[in-house]
């Protein structure tokens, strides 16, 4: 039975992924903020003493509040540098991914189309995407697939915080709706269930045709 | 029962997609070159008189032989302009995709990292990817998802023609192997089977971590 | 004295480039539509019998009228396939660029952010950008630099045709104005004047901070 | 007379930029590591107490030694997070760029094609490129152009540290040579000299046709 660790697994997209993986009989550890707080490197190190290996790893964490550039403090930068970047680096430096495994990064569509309200998220998620891309080539040697999923606006509590009038906002989207967390959960599930391994080193925008760049 | 048309459905990647779709009880028309030759616009128009609508459409066609730029003739350009670009445009101008359907384009990783031996393919597949991206926003209104899959080197007869010494070549790839057509077939199948719709307007490189650009 | 050929050199961006090159004492042939009509391959071949070599080549041509996908005819596709793609290919197959020379392609920002009204332009300009990228590596061996300039909205007659209310439109742009053709002319001039050669194989968006993708 | 601040202005690319700007009569402050060490936020804050405004700002700093991912320490991450990212953010939060000015970021071609030996540089330079892109839209309102130059291998002391056998390495490059720092200096000079403003919000790869992605 494959073992899976889902960071941020107790709510939103992470929760959907956890449930999807359970439905295919993975042994899922759905980590909550009590289990690991990636903004706190000691918490990360503590987690790594308990969780030393896995078959499937989902790197997922909430983002910061919307803030204008001029309002971002040095403490904000440092906190989210840990939460969105350095915590994940420490994890990948330590944890063993078993041969034939999978690592999914849940980043954001803002890495490709950066957003002035989500500047911290745009910056550090892009930074980690660079690390993840580089590492995908090493992991490939052990048949471990690395897939970066970059969601657009998904129907989660976080989105409700970010967008004031969701009913109006929805109408501006090509599909007239937000994405559902289950779509991402099911997408990941089906890749694993079907043992699709050659999909690796790729960033997959998951945004209902909303982005405007070609590729 | 969902209806699917798979162009180039009798061999290689197209055949794998056809079989995957049959396994989830789609009613598949696996078009061979006898049914439709996209390099011949009359053949395309004839096909469109018979096939007027579908739930799922797979735009897939083989590419040209490797040729250096200086050797490409005007006839080569025109033939492959039809085969890789214009034939697909005529199809999308005419055929009805039923609401809630899917269109998959099988392009190539050369659209993003163009290849001096596959210059025709790099050019016209990129051109059609532009059209496909634009149309994804219109199709989104009818809940039709448009997904561009850009395969790297896949284990097909065509790849055996292009690469002289596959055993040596394999070793240069991050995963030490070519992709299998079944991986693409299963990938498409699982998106449809799980009714994942919010994945649209995206180009998904499918190359075993071989590409070098970030996203 | 360096020899320059500027296609579409009698108006708009091409005219500005011609004038900029004259100001640094290039011997400029500013080709008008009477000299070469790239939508007509016989015209292209005739031009190539007269103009066999150059130091500097500017590949520049107007685009098609705005048209919705459903309205584009087979003749439209074929005409603009010649004008925006095949004519330029024939030129680069035949003309000799002298060692140490330059080729500039004036494409469009729609190659990266395709536009539903400019679908033909998005498609074929992207296709030629692929060819141009591939060739840049060969030309590099002879110290010939290939630079793809992708303008956004520039203050030309063509833009006035495309945009109904330019005064309103301007206000939606980050700089509150269109680009001036002279900015592109001067940009090209200064690269040549300063013998900057290592800038090659690159697409330079020239759009006053209007695009939204990161790179 | 325009005022320019060039960070890392005492050697390599920064020195060439300083000299180029002096040649067009800018009043250049070529900051050395003694003036400002961006890896030390106190040094950055001290610098900002002295230098409160400028017309032209060149954000430029050396990168870290080559290191494999597994060897990078927490201190390395934190140091270079300051040096390549946070120091620059603090500067842009505080310093006034005068209307009509320019900001150039000297990043690296690794932001687009990340490099396993330059993983720190790939990550943090990409992160700052996101910030810079977002800010370019605000600066545009004051006619300030933001240009991200992403050099490939340039003939500097740093490159000699990174590449063991430069004579062998050169031969693998399309132009058979490294770029010269003067090419970048002259490129920047000519943009300023010619008052080219509409070039903004763009990343310009400067690598002698070496990169392989289309755009």
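Values computed for the structure shown
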read-out: So residue A:195, is it more than 7 Å from chain B (Cβ to nearest Cβ), on the phi > 0 side of the Ramachandran plot and either modelled with pLDDT of 95 or more or in contact with a strand residue (DSSP E or B) (Cβ under 9 Å, 6 or more places away or on another chain) (or both); value: yes
read-out: Residue satisfying all of: in the stretch D:145-161; closer than 17 Å to residue D:16 by Cα, in a helix (DSSP H, G or I) and touching a residue at least 24 places away in the same chain (Cβ under 8 Å); farthest from the other protein chains (Cβ to nearest Cβ) among these; value: D:157
read-out: Flag if residue C:214 is modelled with pLDDT of 95 or more, within 8 Å of chain D (Cβ to nearest Cβ) and buried (at least 22 other Cβ atoms within 10 Å of the Cβ); value: yes
read-out: Restricting the stretch D:49-63 to residues that are part of a loop (DSSP other than H, G, I, E, B) and within 14 Å of the chain's Cα centre (by Cα), the residue that is farthest from residue D:164 (Cα to Cα); value: D:60
read-out: Of residues in the stretch A:117-144 being more than 16 Å from the chain's Cα centre (by Cα) and free of Cβ contacts under 8 Å to residues at least 24 places away in the same chain, the one surrounded by the fewest Cβ atoms within 10 Å (Cβ to Cβ); value: A:141
read-out: Residue under evaluation residue C:168, criteria (1) out of contact with any strand residue (DSSP E or B) (no Cβ under 9 Å at 6 or more places or on another chain); (2) more than 23 Å from residue C:114 (Cα to Cα), criterion not met; value: (2)
read-out: Some residue of the stretch D:38-48 being outside any helix (DSSP H, G or I) and buried (at least 19 other Cβ atoms within 10 Å of the Cβ); value: yes
read-out: Residue list for the stretch A:167-181, filter: surrounded by 21 or more Cβ atoms within 10 Å (Cβ to Cβ) and more than 7 Å from chain B (Cβ to nearest Cβ); value: A:178, A:181
read-out: Evaluation of residue B:157 against (1) touching a helix residue (DSSP H, G or I) at 6+ places or on another chain (Cβ under 7 Å); (2) modelled with pLDDT of 95 or more (one fails), failing number; value: (2)
read-out: Qualifying residues in the stretch B:14-25 (those that are touching a strand residue (DSSP E or B) at 6+ places or on another chain (Cβ under 6 Å) and crowded, with 22+ Cβ neighbours inside 10 Å) - the one farthest from residue B:80 (Cα to Cα); value: B:21
read-out: Checking residue A:142 against (1) assigned to a loop (DSSP other than H, G, I, E, B); (2) closer than 22 Å to residue D:123 by Cα, the condition it does not meet; value: (2)
read-out: Matching option when the condition is within 12 Å of chain B (Cβ to nearest Cβ) and either under 12 Å from residue C:124 (Cα atoms) or out of contact with any helix residue (DSSP H, G or I) (no Cβ under 7 Å at 6 or more places or on another chain) (or both), among C:98, C:42; value: C:42
read-out: Residue, farthest from residue B:202 (Cα to Cα), within the stretch B:96-116, restricted to residues that are more than 12 Å from the chain's Cα centre (by Cα), touching a residue at least 60 places away in the same chain (Cβ under 8 Å) and assigned to a loop (DSSP other than H, G, I, E, B); value: B:113
read-out: Residue match in the stretch A:117-130 (condition: within 21 Å of residue C:174 (Cβ to Cβ), assigned to a loop (DSSP other than H, G, I, E, B) and more than 7 Å from every other protein chain (Cβ to nearest Cβ)); value: yes
read-out: The one condition in (1) surrounded by 17 or more Cβ atoms within 10 Å (Cβ to Cβ); (2) modelled with pLDDT of 95 or more that residue D:63 fails to fulfil; value: (2)
read-out: Test result for residue C:66, within 23 Å of residue C:1 (Cβ to Cβ) and in contact with a strand residue (DSSP E or B) (Cβ under 7 Å, 6 or more places away or on another chain); value: no
read-out: Search result, residues across the stretch B:69-95 that are more than 8 Å from chain C (Cβ to nearest Cβ), more than 18 Å from residue B:6 (Cβ to Cβ) and outside any helix (DSSP H, G or I); value: B:73
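The values are calculated or read from the model by the stated rules, or taken from the named source; none is laboratory data. Everything numeric in this text was worked out from a predicted model, so none of it was measured. FYI the Cβ positions are ideal-geometry reconstructions off the backbone, even for glycines, and counts take in every protein chain you see.
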